[in-house]
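Student: Here it is, the structure in full.
Quick note: the coordinates plus some simple rules give every number you see, no bench work behind them. Keep in mind the model is a prediction, meaning the values are calculated, not measured. Neighbour counts are summed over all protein chains in view; Cβ atoms, including those assigned to glycine, are modelled from backbone coordinates with ideal geometry.
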Amino acid sequence: MTPREQVTELCKSGVIPHVVKCLSSPKGDACIREEACWVIANCIETNHPEVIQYMISLGILTPLVKLLVSEDRPTTLILVLEALQRILATDRGSPNKLWASYDSLAESVSDLQSHQCTTVVSLATRLLEKYDPEKVVEDAGSYDGAERMDTE
């Protein structure tokens, strides 16, 4: 079974809304939120448009944006930023419209340009360059996709 088929089966099983709930829960343990973030990121990583639309219909963007503000662990922030990048890149409609529909998204991503992890900074800058160039900080850096170890 391919990863795409696995994700399709996972979505059909009905478990994803529960994972989104774990991701959204303010009372949830940070480790549980991080594991939920991994599940969501792995599903989105397939770049399967139907899966991404399903995630959007479940309201996945709101908890992902909240994690950008509430989370400080680089690993989780990288997962969220990469997931957002894939969601926006796969959006069938207008990714700019999707970006603009979440008021706090641009501000939350912009704030990450001063994070201590260079990978987080690079991913945030890359998103801003594409969707909100006015918020790019000049010396924020660039992300080539190869660097993923700077998470400490």
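Student: Of the listed peptides 117-123, 12-18, 55-61, what is their order by residue-averaged count of other C-beta atoms within 10 Å, with the highest listed first? Show your work: numbers first, answer last.
Tutor: On the way: 117-123: 21.6, 12-18: 11.9, 55-61: 17.0.
Listed from highest to lowest mean packing, they are 117-123, 55-61, 12-18.
Student: Might you report the magnitude of the Cβ-based charge dipole of region 16-114 about its Cα centre, with Lys and Arg at +1 and Asp and Glu at -1, to the nearest 20 debye?
Tutor: Value, rounded to 20: 240 debye.
Student: Dipole of region 1-133 (Lys/Arg Cβ +1, Asp/Glu Cβ -1, origin at the Cα centre): which of S122, L98, S110 lies farthest to the positive side?
Tutor: Farthest along the dipole direction, towards plus: L98.
Student: Compute the length gained on full extension between K12 and S57: take 0.36 nm times their separation in residues and subtract their Cα-Cα distance, giving the result in nm to one decimal.
Tutor: Length gained, K12 through S57: 14.8 nm.
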